[in-house]
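Asks: Pasting in a structure now, in structure tokens, and then I'll have a few things to ask.
Please treat every number below as a calculation from the coordinates, not as lab data. Predicted, not measured: the structure shown is a model, and the values here were computed from it. Glycine gets a Cβ as well: all are built from the backbone with ideal geometry, and neighbour counts include every protein chain shown.
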Amino acid sequence: MSQKPYDYLIVGAGFFGSICAHELQKRGKKVLVIEKRNHIGGNCYTENRDGINIHYYGAHIFHTSNKTVWDWINQFAEFNHFTNRVVANYKGKLFALPFNMWTFHQLWGVITPDEVKKKIEEQGSYIQNPQNLEEQAIHLVGKDVYETLIKGYTAKQWMKDPKELPKEIIKRLPVRYTFDTNYFNDPYQGIPKGGYTQIFEKLLEGIEVQLGVDFLASKTEWLDKADKVIYTGPIDAYFNYEFGPLEYKSVTLDLQKKDTDNFQGNAVVNYTEQEIPYTRIIEHKHFEFGTTDSTWISYEYPTPYEAQKTEPYYPVNDATNNALFQKYKEKAAEFPNVIFGGRLAEYKYYDMHQIIERALDFLANH
Ligand SMILES: Cc1cc2nc3c(=O)[nH]c(=O)nc-3n(C[C@H](O)[C@H](O)[C@H](O)COP(=O)(O)OP(=O)(O)OC[C@H]3O[C@@H](n4cnc5c(N)ncnc54)[C@H](O)[C@@H]3O)c2cc1C
């Protein structure tokens, strides 16, 4: 019989770690969760300030086509009817996103889908074999949409001229020939009333959680404490960047309180011109139709990523980084008692519904 004090040590209290902790505890396992930050919830953490639930690590809108996942999450919170309708601001002019009939009407004054198709064809068809992101975008949606809504935003996001970016970044650009401004196509969408943190509080109820603890600072000691470890941190960090750091895109959020009850009239406004350094402003109260006197907003600034210094947000899954990840994955397979799960350990961008799906699938087979 094992002498170790825990059956499972779970590193990270985001969705992957918290779901595992919840289900394993239900199965009668002795579980310990350690979390580097001083709060649970991972990147989905929300914090209440002045009656507004702030999406602390960036806007989190729950959406899924998977009814099982929707029913699962609804056990832990009641969801409101928030629908993501993004507005773009280009040099003081507003456009509806994603590209739909409103966008084209605002851009060209056109009324019918046929007029739009003709315009895009006129502006995009001269490029037959796109060689970079700029050409690919013009080929797909024409020059005006590209110049107004894609060029500056993409340059800011990638911190590179779109002419120097591979065309593969944009495989397709969905264009809607209807006046539908709902950002997502999924049948289930919303924000948990009262924020996301309550979901994690419920998932981790009755489970020992230690906050402000970095597993990697005393890895050997922690590995001795449990028969199995579920690690949801960055895989390259686990192996002390032995093969080099994996690349991410990072974001800095500048959170500010504003002394007005309504700063921008919408939860998400994208700034698509290059001259404005931030990519978006999030006004948190609109996620829950807030009616407070003041408001909290976050400016999102793309930030160069430096391992261990900036937050790893979006993995850069190009051929070089995927090959590097493969090396780490092979190395990880040498440690069967350590399970690498979640967006950082799997080096893949997952939405919340996808990470829930993955955690539930993992548990079903574990
Ligand atoms: C800016 C942004 C916006 C997003 N918007 C949406 C959205 O609108 N809709 C949507 O569905 N999804 C969205 N997502 C995705 C969502 O955040 C993820 O699906 C989800 O957070 C993944 O959960 P996870 O458990 O894998 O990772 P995380 O939430 O990152 O949890 C991992 C946890 O492990 C901890 N950890 C790491 N290393 C250590 C260590 N050494 N010791 C102890 N603890 C450690 C971390 O502190 C963290 O709390 C967004 C993501 C980002 C970055």
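Asks: What angle, in degrees between 0 and 90 and rounded to the nearest 10, separates the Cα long axis of helix 319-332 from the longest principal axis of the Cα atoms of the chain?
Replies: On a 0 to 90 degree scale, this one is about 10.
Asks: Give me the distance between the Cα centres of the stretch 194-269 and the stretch 85-106, rounded to whole Å.
Replies: Computed from Cα coordinates, the inter-centre distance equals 33 Å.
Asks: Right, here's the next one. If one computes the Cα centroid of the stretch 10-77 and of the stretch 309-366, what distance in Å separates the two points?
Replies: Spelled out, the Cα-based centre of one part sits 17 Å from the other.
Asks: Averaging over all projection directions, find the projected area of the Cα convex hull of the stretch 87-169 and quote it in nm² with one decimal place.
Replies: 5.4 nm²
Asks: Can you tell me the mean projection area, over all orientations, of the convex hull of the chain's alpha carbons? Units nm², please.
Replies: It is 19.8 nm².
Asks: Also, I was wondering about something else. Run the helix sum for the chain: -39,500 (n - 2.57) per DSSP H stretch of 4+ residues, divided by residue count, reported at 222 nm to the nearest 500 deg cm²/dmol.
Replies: The per-residue figure over the chain is -7500 deg cm²/dmol.
Asks: To test your reading of the geometry: what angle, between 0 and 90 degrees and rounded to tens, separates the Cα axis of helix 15-26 from the longest principal axis of the chain?
Replies: Around 40 degrees separate the two axes.
Asks: For the chain, set up a Gaussian network in which alpha carbons nearer than 10 Å are linked by springs, and say which option among 124, 290, 206 fluctuates the most.
Replies: 206
Asks: Sticking with this structure for a sec: Enter the per residue convex hull volume of the stretch 123-175, computed from alpha-carbon coordinates, in Å³ rounded to the nearest integer.
Replies: Taking the convex hull of the Cα positions in the stretch 123-175, it is 69 Å³ per residue.
Asks: Restricting to the chain, what percent of DSSP beta bridges are antiparallel, rounded to 5?
Replies: Antiparallel bridges make up about 60 percent of those DSSP assigns within the chain.
Asks: Under a GNM of the chain (C-alpha, springs under 10 Å), which listed residue has the highest mean-square fluctuation: 347, 238, 45?
Replies: Of 347, 238, 45, the Gaussian network model singles out 238 as fluctuating most.
Asks: Using a simple spin-label model with points 7 Å from Cα along the Cα→Cβ vector, what separation in nm is obtained for residue 310 and residue 326?
Replies: 2.8 nm
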